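Colleague: The structure is given below, and queries will be raised subsequently.
Readers should treat all values here as calculations from the given coordinates under stated rules, not as data from a laboratory. Owing to the predicted nature of the structure, the values given are computational and were not obtained by experimental measurement. Cβ coordinates were reconstructed from backbone atoms using ideal geometry, including for glycine residues, and neighbour counts include every protein chain displayed.
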Amino acid sequence: MCSSLAKEMKIFIAVLLVACSLSHQAFAKAYFQTKQEMIEKAEAIAIIEISAVQDSDSKGKIWTYRTKGTVRVEEVLKGELPKEFTIYGAETFICASCPVTKGRFIAFLKKDGDLWTGSNWHLSLRPISDDMVEWYVADDNRYEMKPNALNTVVAEIKTHKANKAVDSTR
């Protein structure tokens, strides 16, 4: 009887360990990119203006988006974008999302299926006000921002992109 109980306990513990290891993945957290990662991983970066914002129930390949906004592109800094397109946000991910609001932004974008979305959650759309942008205080800091001149941030993005292009040819 003892060996039967011991065997059942071993099976129970094994099942419990497997269940715990699988449940860890179910409680995923959002990963926020560093400045360099955000510049490198974005499919497109642009100065944009979002005008009309409305509710949405649009499904990408990965997420469902609850808002969408009409975008007019002022300047493309990386990648290729149409002059006008729709951006989708407010992903159905409990840990993070990219809010879409009216305004002028430096946008870090990626595609989810056919939909343009932010590439770094709420940090994807960096608001521009009076030619100032909330920008990273340090290269390795993922969260803390401070106001920087728009032309300084644009130059930094272009320089980083140019340096990456040179590195890839070596």
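Colleague: Please find the FRET efficiency linking N148 to K111, where r is the Cβ-Cβ separation and R0 is fixed at 22 Å, and quote it to the nearest 0.05.
Modeller: Computed FRET efficiency for N148 and K111: 0.20.
Colleague: Turning to a different aspect of this structure: Where does each of K61, K158, K68 land when they are ranked from fewest to most other beta-carbon atoms within 10 angstrom?
Modeller: The most exposed by this proxy come first: K61, K158, K68.
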